[in-house]
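Q: Sharing a structure with you now.
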Amino acid sequence: MNPFLFLRGEFRRSFGGALALALVLAFAGSLSPAVSMLERSVRSGMAQSADAFDLLVGAKGSAVDLVLGAVYLRPEPLSLLPYGTLEEVKAHGGIRWAAPLAFGDRWKNYPLAGTSSELVTLGGKRPLASGRMFLNDGEAVVGAGVPLKEGDSFSPSHGSVAEAALDGEGKSAHAHDRSFRVVGKMPATGTPWDRVVAVPIEALWNMHDSGAGTGRCSAVVVKPVTVADAYRLRSALNTPDKQAVFSGEVLTRLFGTLEQMHDVMMLLAFGAQAAALAAALVSGFFAVAMRVKALALLRALGASHGFLAVSVWLMVSGVLLAGSALGLGLGCIMASAASSWIQAETGVALTVSLSARECLTALLAAGCGCLAAFLPAWFACRKTAGELLRSA
């Protein structure tokens, strides 16, 4: 007898149930690869966004807030640095370039960053995609994701990026009575700085000449010459009124928290997958119990114990393998959708890729399922034909 003919008939008879079970397994199995791929892409995207920010100098406070505000342009409450900090930083030597940063204004939901040409061009190593650098406090250079082109003029408003979300048209009661003209556009970087509007920091000082922040900045971005210079500068610039941090070290601490969340999510994913596998096995036992008459007839026609065992094993294993394969594909779709949402919210470009780790995990789950499928197979062949007929 050919077990595949038996399987074809069984799947035709109960295709809907088999498909539903495979989909349940797919949804349960998709969580693990989705979490793994998303966590890896977030790490890579965040690290790439911080490449240009080797050393950050800010006022005393939270180092995490400093990195999130300066690198990822989050609306963090950054205190202003003391007067003369930029000159003090440059006086220590061992610096390729140092650029000030000031925030607090926006155009629509695009943040204004008051800075200098060194940060926009990374000390001359990153040319503009088009146009030229700003030369006076009435000009601006915009990121690749800002819907402004060269020659456009705009008027900024006071307020954070979060407040801009309440104002879809960019109108505000706190609009500044001055305008800027776009003279250049930065290349696409896949970082939050693709959404920035960079202006000379002097322009922000002039717009707030009556405030206490005139002449001061929120942070200073430093590019050291060597690694030794970086550590020397960090030590020298950590004073009672300011802090110097490596963005990479802060990200490592954030990644540590992310890894703990990843472990919890993976534990939940494996729990869901184990529960789905158990449900599939229970369904296999029920399917065997509901096919007692068919099994009794096959035994009466001369089907061996091995034939029944192989048939049931192939049926249950087929559903489990289909669920594992669908789960891997669904996990890729879920991770891609989540990364697209995160990129739209943060500006950090995330690239989701399937690695050998996810494939091996799916294969391991499928292998465990195939081993467990021997249980309903044994259940199907443990009775003689007479016993099956009496129980039918």
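The values are calculated or read from the model by the stated rules, or taken from the named source; none is laboratory data. Only a predicted model underlies this, so the values are computations on that prediction, with no experimental measurement involved. Here the Cβ positions follow ideal geometry from the backbone for every residue, glycine too, while neighbour counts run over all protein chains shown.
Q: With respect to Arg106, is the statement that it is under 24 Å from Phe246 (Cβ atoms), of a type outside the set (A, V, I, L, M, F, W, C) and under 29 Å from the mean Cα position of the chain (by Cα) true?
A: In short, no.
Q: I'd like the full set of residues that are among the hydrophobic types (A, V, I, L, M, F, W, C) and more than 30 Å from Gly329 (Cα to Cα), limited to region 31-57.
A: Scanning region 31-57 gives Ala50, Ala52, Phe53, Leu55, Leu56, Val57.
Yes/no matrix, rows are residues, columns are (1) out of contact with any strand residue (DSSP E or B) (no Cβ under 8 Å at 6 or more places or on another chain); (2) modelled with pLDDT of 90 or more:
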{"position": "Glu139", "(1), (2)": "no, yes"}
{"position": "Gly143", "(1), (2)": "no, yes"}
{"position": "Leu148", "(1), (2)": "no, yes"}
{"position": "Phe154", "(1), (2)": "no, yes"}
{"position": "Ser179", "(1), (2)": "no, no"}
{"position": "Gly184", "(1), (2)": "no, yes"}
{"position": "Ala203", "(1), (2)": "no, no"}
{"position": "Asp209", "(1), (2)": "yes, no"}
{"position": "Thr214", "(1), (2)": "yes, no"}
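Q: Being under 19 Å from Leu237 (Cα atoms), among the hydrophobic types (A, V, I, L, M, F, W, C) and either in contact with a strand residue (DSSP E or B) (Cβ under 8 Å, 6 or more places away or on another chain) or in a loop (DSSP other than H, G, I, E, B) (or both) is the requirement here; does Leu73 meet it? Let's see the steps before the verdict.
A: On the way: under 19 Å from Leu237 (Cα atoms): no; among the hydrophobic types (A, V, I, L, M, F, W, C): yes; either in contact with a strand residue (DSSP E or B) (Cβ under 8 Å, 6 or more places away or on another chain) or in a loop (DSSP other than H, G, I, E, B) (or both): yes.
Considered against the rule, which asks whether it is under 19 Å from Leu237 (Cα atoms), among the hydrophobic types (A, V, I, L, M, F, W, C) and either in contact with a strand residue (DSSP E or B) (Cβ under 8 Å, 6 or more places away or on another chain) or in a loop (DSSP other than H, G, I, E, B) (or both), Leu73 comes out as no.
Q: Take the residues in region 104-123 that are in a loop (DSSP other than H, G, I, E, B) and at pLDDT 90 or above; name whichever of them is farthest from Leu73 (Cα to Cα).
A: Taking the candidates together, the pick is Gly123.
Q: Given Gly58, Gly123, which one is surrounded by fewer than 17 Cβ atoms within 10 Å (Cβ to Cβ) and in contact (Cβ under 8 Å) with a residue 60 or more places away in the chain?
A: Unique residue meeting the criteria: Gly123.
Q: On to the next question. Restricting to region 303-356, what's the tally of residues that are crowded, with 18+ Cβ neighbours inside 10 Å, touching a Lys or Arg at 6+ places or on another chain (Cβ under 9 Å) and not hydrophobic (A, V, I, L, M, F, W, C)?
A: So the count comes out to 2.
Q: Okay, moving on. So which of Ala164, Ala173 is surrounded by 19 or more Cβ atoms within 10 Å (Cβ to Cβ), farther than 22 Å from Arg126 by Cβ, modelled with pLDDT under 80 and not basic (Lys, Arg)?
A: Ala164
Q: Please state which of the following conditions Ile95 fails to meet, knowing it meets all the rest: (1) out of contact with any Asp or Glu (no Cβ under 6 Å at 6 or more places or on another chain); (2) at pLDDT 90 or above; (3) over 28 Å from Arg234 (Cα atoms); (4) of a type in the set (A, V, I, L, M).
A: (3)
Q: Follow-up. Test Asp263 against the criterion of being assigned by TED's automatic domain parsing to the domain that holds His158 and either out of contact with any helix residue (DSSP H, G or I) (no Cβ under 9 Å at 6 or more places or on another chain) or assigned to a loop (DSSP other than H, G, I, E, B) (or both), and give yes or no.
A: no
Q: While we're looking at this one, here's another question. For region 76-90, which positions are assigned to a loop (DSSP other than H, G, I, E, B) and either over 29 Å from the mean Cα position of the chain (by Cα) or buried (at least 18 other Cβ atoms within 10 Å of the Cβ) (or both)?
A: Glu76, Leu78, Leu80, Leu81, Pro82, Tyr83, Gly84
Q: Taking Ala70, is it surrounded by fewer than 16 Cβ atoms within 10 Å (Cβ to Cβ) and either under 20 Å from the mean Cα position of the chain (by Cα) or closer than 28 Å to Asp229 by Cβ (or both)?
A: No.
Q: Checking Val225 against (1) closer than 21 Å to Ser49 by Cα; (2) surrounded by fewer than 19 Cβ atoms within 10 Å (Cβ to Cβ); (3) out of contact with any strand residue (DSSP E or B) (no Cβ under 8 Å at 6 or more places or on another chain), only one condition comes out false. Which one?
A: (3)
Q: Still on this model: Hey, among the residues in region 245-288 that are among the polar types (S, T, N, Q) and at pLDDT below 85, which one's nearest to Val222 (Cα to Cα)?
A: Thr257
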